[in-house]
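Q: Starting off with a structure, shown below.
The values are calculated or read from the model by the stated rules, or taken from the named source; none is laboratory data. Remember, predicted model here, so these are calculated numbers, not experimental data. All Cβ positions, even for glycine, are placed from backbone atoms using ideal geometry, and neighbour counts span all protein chains on display. Quick note on the areas: whole protein, heavy atoms, side chains included, nothing else; ligands and nucleic acids left out. Shrake-Rupley method; radii C 1.70, N 1.55, O 1.52, S 1.80 Å.
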Amino acid sequence: MTDRPTVVGGGFPSPRSGAAWDAARFASLRPARIGRRFAEVVVAERERWSLWTPVGLGTGIALYFALPFEPSIWLGLSSTALALGAVAVARGRPAWMIAALACALVVVGFTVAGLRTHSLAAPILAKPLRPALVSGRVVESAVRKGGRRLVLDRVRIARVDAAATPLRVRVSVRRADSVLAPGDWVSVRAVLSPPPEPAAPGAFDFARKAYFARIGAVGFALGPARVMAAPAGAAGYDWRAAIGRLRHAVTARLLAGLDGQAGAVAAALLT
């Protein structure tokens with residue numbers, strides 16, 4: 001009798017020494033048949049396709065940030081147009097349609113990441129700045145050990161042109177003044193520098209985080225931050241400042257009742 005391989009689930013022969021595939025089994029593994037079978041399985045799962053949408057978009061976003069260079073925005077837009085055109089052409093052919101949709105999701109994620117990155121472009125301080133008077137509106141006020149860390153918007157920096165002034169600045173003040181809250185206008189003399197690059201390859205990239213937060217400079221104050229009157233025409237209700245004040249009040253209440261690390265953790269989780 002001729003020794004034939006034992007077939008296991010999925011149509012593949014078991015790895016037996018000296019076994020040969022017969023012609024019928026080899027024919028069943030042709031790429032065309034595999035493609036049709038794959039398409040049938042995917043079509044049967046069409047009710048769950050929506051669950052794969054974030055996977056495809058996330059893959060495109062990860063691909064964008066994995067590139068060692070900044071791609072042109074037109075690359076993403078043109079690729080999106082081609083992918084959507086492929087989806088339209090593939091209508092009526094399930095296997096091609098599924099492949100085109102998958103590619104389209106990846107390309108759309110790539111393009112959205114690029115558009116978001118370009119939309120957040122803002123001035124970044126070109127070089128370290130000696131002590132200068134910095135003024136702006138508080139948008140974040142976080143208590144830190146030995147002081148407070150402020151994020152200011154609508155910034156004005158002495159001796160820096162308005163066109164080159166960062167939209168946001170993060171300043172650490174040594175004195176933890178509880179009066180400072182989101183919405184307050186303050187002035188402080190501070191030393192500023194551009195957001196730092198990673199300390200080592202693969203380390204935390206604060207410069208990237210600062211870019212997406214539109215923070216163009218960081219530094220420390222040489223004295224206390226002083227509350228000032230809002231510039232003419234800048235006053236008025238701001239819902240973001242209102243939410244910031246609410247978060248600030250909750251944090252202050254928690255820190256008043258819970259000392260040390262427990263209060264800091266509770267405030268971080270709640271606000």
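Q: Please indicate, with yes or no, whether at least one residue in the range 245-252 is free of Cβ contacts under 8 Å to residues at least 12 places away in the same chain, more than 29 Å from the chain's Cα centre (by Cα) and more than 27 Å from LEU192 (Cα to Cα).
A: Among the residues of the range 245-252, not one is free of Cβ contacts under 8 Å to residues at least 12 places away in the same chain, more than 29 Å from the chain's Cα centre (by Cα) and more than 27 Å from LEU192 (Cα to Cα), which makes the answer no.
Q: Condition test on VAL43, is it open to solvent by 60 Å² or more (accessible area, probe 1.4 Å), of a type outside the set (Asp, Glu), at pLDDT 50 or above and part of a helix (DSSP H, G or I)? Working first, answer last.
A: Numbers: open to solvent by 60 Å² or more (accessible area, probe 1.4 Å): no; of a type outside the set (Asp, Glu): yes; at pLDDT 50 or above: yes; part of a helix (DSSP H, G or I): yes.
No.
Q: Next question, about the same structure. Looking at ALA256, ALA249, which one is within 30 Å of ALA122 (Cβ to Cβ) and in a helix (DSSP H, G or I)?
A: ALA249
Q: Of all residues in the range 256-270, how many are open to solvent by less than 100 Å² (accessible area, probe 1.4 Å) and over 24 Å from PRO195 (Cα atoms)?
A: Filtering the range 256-270 for residues open to solvent by less than 100 Å² (accessible area, probe 1.4 Å) gives 256-258, 260, 262-268.
Among the residues that remain, those that are also over 24 Å from PRO195 (Cα atoms) are: 256-258, 260, 262-267.
Residues in the range 256-270 being open to solvent by less than 100 Å² (accessible area, probe 1.4 Å) and over 24 Å from PRO195 (Cα atoms): 10 in total.
Q: Here's a follow-up. Please work out if LEU180 is in contact (Cβ under 8 Å) with a residue 24 or more places away in the chain and either polar (S, T, N, Q) or more than 30 Å from ASP259 (Cβ to Cβ) (or both). Break it down into steps so the answer makes sense when it comes.
A: On the way: in contact (Cβ under 8 Å) with a residue 24 or more places away in the chain: yes; either polar (S, T, N, Q) or more than 30 Å from ASP259 (Cβ to Cβ) (or both): no.
So LEU180 fails the test.
Q: Would you be able to say whether some residue in the range 116-136 is out of contact with any strand residue (DSSP E or B) (no Cβ under 8 Å at 6 or more places or on another chain), of a type outside the set (Ser, Thr, Tyr) and more than 30 Å from ALA230 (Cα to Cα)?
A: Within the range 116-136 (the criterion being out of contact with any strand residue (DSSP E or B) (no Cβ under 8 Å at 6 or more places or on another chain), of a type outside the set (Ser, Thr, Tyr) and more than 30 Å from ALA230 (Cα to Cα)), the answer is yes, since at least one residue qualifies.
Q: GLY109 versus (1) within 17 Å of ARG46 (Cα to Cα); (2) at pLDDT 90 or above: which is the lone unmet condition?
A: Result: GLY109 fails condition (1) only.
Q: From the list ALA81, ALA88, ALA126, ALA104, pick out the single residue that is in contact (Cβ under 8 Å) with a residue 24 or more places away in the chain and open to solvent by less than 90 Å² (accessible area, probe 1.4 Å).
A: One residue alone meets the criteria, ALA104.
Q: Yes or no: ARG240 farther than 16 Å from ASP153 by Cα, touching a residue at least 24 places away in the same chain (Cβ under 8 Å), in a helix (DSSP H, G or I) and open to solvent by 80 Å² or more (accessible area, probe 1.4 Å)? Break it down stepwise before answering.
A: Numbers: farther than 16 Å from ASP153 by Cα: no; touching a residue at least 24 places away in the same chain (Cβ under 8 Å): yes; in a helix (DSSP H, G or I): yes; open to solvent by 80 Å² or more (accessible area, probe 1.4 Å): yes.
Considered against the rule, which asks whether it is farther than 16 Å from ASP153 by Cα, touching a residue at least 24 places away in the same chain (Cβ under 8 Å), in a helix (DSSP H, G or I) and open to solvent by 80 Å² or more (accessible area, probe 1.4 Å), ARG240 comes out as no.
Q: Can you tell me which residues in the range 56-69 are in contact (Cβ under 8 Å) with a residue 40 or more places away in the chain and either hydroxyl-bearing (Ser, Thr, Tyr) or open to solvent by 70 Å² or more (accessible area, probe 1.4 Å) (or both)?
A: Within the range 56-69, THR59, LEU63, TYR64, PHE65 meet the criteria.
Q: Mind listing whichever residues of the range 144-165 are among the β-branched types (Val, Ile, Thr) and closer than 17 Å to ALA241 by Cα?
A: Answer for the range 144-165, where residues must be among the β-branched types (Val, Ile, Thr) and closer than 17 Å to ALA241 by Cα: VAL151, VAL155.
Q: Could you check how many residues of the range 201-226 are hydrophobic (A, V, I, L, M, F, W, C) and within 12 Å of the chain's Cα centre (by Cα)?
A: Narrowing the range 201-226 to residues hydrophobic (A, V, I, L, M, F, W, C): 203-204, 206-207, 210, 212-213, 215, 217-218, 220-222, 225.
Now drop any that are not within 12 Å of the chain's Cα centre (by Cα), which leaves 210, 212-213.
The number of residues fulfilling the criteria is 3.
Q: Further question: Can you tell me which residues in the range 156-190 are under 20 Å from LYS145 (Cβ atoms) and of a type in the set (Val, Ile, Thr)?
A: If the condition is that a residue be under 20 Å from LYS145 (Cβ atoms) and of a type in the set (Val, Ile, Thr), then VAL171, VAL173, VAL179, VAL188 are the ones that fit.
Q: Buried (at least 16 other Cβ atoms within 10 Å of the Cβ) and basic (Lys, Arg): is that true of ARG253 in this structure?
A: no
Q: When only residues in the range 188-227 that are of a type in the set (Lys, Arg) and at pLDDT 90 or above count, which is surrounded by the fewest Cβ atoms within 10 Å (Cβ to Cβ)?
A: Result: LYS209.
Q: Taking the range 133-146, which residues are surrounded by fewer than 16 Cβ atoms within 10 Å (Cβ to Cβ) and in a strand (DSSP E or B)? Reasoning before the result, please.
A: Step one: of the range 133-146, the residues surrounded by fewer than 16 Cβ atoms within 10 Å (Cβ to Cβ) are 133, 144-146.
Answer for the range 133-146, where residues must be surrounded by fewer than 16 Cβ atoms within 10 Å (Cβ to Cβ) and in a strand (DSSP E or B): LEU133, ARG144.
Q: Right, something else. Might you let me know whether the range 195-208 holds any residue that is touching a helix residue (DSSP H, G or I) at 6+ places or on another chain (Cβ under 6 Å) and in contact (Cβ under 8 Å) with a residue 12 or more places away in the chain?
A: yes
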